[in-house]
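Undergrad: Dropping the structure in here first, questions after.
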């Protein structure tokens, strides 16, 4: 069971690294919280995004993502909900004064549990991620290497393991920079503005995307 060649692993791990290095709402969300509120908030956002990714993997393994890929109505519903959520997060940041909104300043941090829940939603409400897993993971299913669902779960889980080597250093680096900027409200204001514009743009891009 799970008997794969070296070529298989090299191809899969290379793709997984490139996937985790590509920018998107998840990375923007994680780094945004890190830059404004420090490492603890950044890791909370990171764990929320990973939890959402785990749910995507489970849905792909159980075949639920196939429904999303096949149904235009289901795809559109999730897409518009996700786009609206990203735009709402962006507007919250644009309306902030450097110490509130999407990510709060050091003395007034957003609750860690709330950041975690937002991370789950940012990941889960992106239908492109669900369809990506559905299209990507089956390419690494090898006949005779084990049940299809188990192979999908294995490779999906390993994508998150690869993320565990790539994303935490980004949080630590962002946290160090946040420590230096924490007491500067003007910088905090511009960070809010920049993050707000980024999330609105990501929401619009998602709304305009197609399967």
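The values are calculated or read from the model by the stated rules, or taken from the named source; none is laboratory data. Remember, predicted model here, so these are calculated numbers, not experimental data. Counting neighbours? That spans all protein chains shown, and the Cβs are built from the backbone with ideal geometry, glycine included.
Undergrad: Give, as residue ranges, the helices (runs of 4 or more DSSP H) completely inside the stretch 5-67 that count at least 3 residues that are buried (at least 22 other Cβ atoms within 10 Å of the Cβ).
TA: The qualifying helices (runs of 4 or more DSSP H) are 25-37, 39-62.
Undergrad: So, one more: Take the residues of the stretch 74-104 that are surrounded by fewer than 17 Cβ atoms within 10 Å (Cβ to Cβ), more than 20 Å from residue 116 (Cα to Cα) and modelled with pLDDT of 70 or more: which is farthest from the chain's Cα centre (by Cα)?
TA: So the residue we want is 95.
Undergrad: Quick one: which residue in 145, 130, 135 is modelled with pLDDT under 80, in contact with a helix residue (DSSP H, G or I) (Cβ under 7 Å, 6 or more places away or on another chain) and either crowded, with 16+ Cβ neighbours inside 10 Å or closer than 30 Å to residue 76 by Cα (or both)?
TA: It is 130.
Undergrad: On the basis of being within 30 Å of residue 146 (Cα to Cα) and in contact (Cβ under 8 Å) with a residue 60 or more places away in the chain, does residue 29 make the cut?
TA: No.
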